[in-house]
Amino acid sequence: MSIEIRPIQPWETVEAKRVILSVAHGIFRWPETFEELQKRFDAQGELRDVDDYQSSYLDRGGIFLVALEDGRIVGTGAIRGVDSDTAELWRLWLLESHHGQGLGYRLLQALLEFARASGFGHVHLQTDGRQERAIAFYKRAGFKMSPCSSDDARDVCMDLSLTILPGDDTSANTPNTGLRSL
C-alpha cells in the first residue's frame with residue numbers, strides 16, 4: 001500500500017466530499033441512498049467548507065490534507081485557527097477499508113505537526129457522540145473530553161494540548177497512544 005498525505009488540490013474537492021459522505025453514510029445509516037444524500041448535503045451547503053477550503057482553512061492559518069492510495073483519496077483531515085492559541089480539527093475521515101492500518105494516525109499526526117509548527121498551543125474538536133470509534137481514537141491520541149458550547153446534546157468536544165511547559169518532558173506531550181505509526 002503506497003500512501004501519500006498532502007494538501008488537497010482544487011480538482012479533488014468532489015472526491016474528498018464523496019469520501020466524507022461515504023464514511024458518514026456508513027456510520028449514521030441515513031435512510032437515503034448515497035446519491036440522495038449527496039444532493040441533500042449539496043442543497044444544504046453542509047460541505048461548503050470543503051469546496052471553499054481556501055477561505056475555510058488556508059486563510060484561517062490552517063491546512064486541508066488528503067490521504068491518497070494510488071492517486072485515489074481514501075482519507076481527509078483539516079485544521080484551522082480559532083484564535084492565536086487554538087486550532088480546530090475538522091473533517092478527519094477515513095474509508096473503513098483503511099481502518100486499523102495506522103493511516104488515520106498518520107493523518108492526525110500530520111495535522112498536529114502542522115498546528116504545532118504554526119504556533120498553536122491547543123487543538124479542539126467537536127464530533128457526534130455516535131462516533132464511538134472516532135472518540136476512542138482521539139482519546140488514544142491524547143485528546144481529553146471538554147465542555148461543548150453546542151446546542152446538540154449528541155455533540156462531544158475534546159481538546160489536546162500541544163504546549164510543552166518549561167521543565168516538562170517531551171514525552172508528556174506525546175502520550176503512549178496505543179496507535180500504530182507507519
Considering Leu65, Leu125, Leu107, which residue is within 14 Å of the chain's Cα centre (by Cα), part of a helix (DSSP H, G or I), at pLDDT 95 or above and buried (at least 19 other Cβ atoms within 10 Å of the Cβ)?
-> Leu107
Output the residues belonging to the stretch 128-173 that are modelled with pLDDT under 80 and loosely packed, with under 13 Cβ neighbours inside 10 Å.
-> Ser150, Asp151, Asp152, Ala153, Leu165, Pro166, Gly167, Asp168, Asp169, Thr170, Ser171, Ala172
Per-region count, the stretch 128-147, residues in contact with a Ser or Thr (Cβ under 9 Å, 6 or more places away or on another chain) and not in a helix (DSSP H, G or I) | 3
In contact with a His (Cβ under 9 Å, 6 or more places away or on another chain), more than 19 Å from Thr127 (Cα to Cα), of a type in the set (D, E, K, R) and touching a residue at least 24 places away in the same chain (Cβ under 8 Å): does that describe Glu32?
-> no
Give the residue that is surrounded by the fewest Cβ atoms within 10 Å (Cβ to Cβ), with candidates limited to residues of the stretch 81-104 that are farther than 14 Å from Thr163 by Cβ and aliphatic (A, V, I, L, M).
-> Val82
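The values are calculated or read from the model by the stated rules, or taken from the named source; none is laboratory data. As the structure is a prediction and not an experimental result, all values here were calculated from the model. Note that each Cβ is placed from the backbone with ideal geometry, even for glycine, and that neighbours are counted across all protein chains shown.
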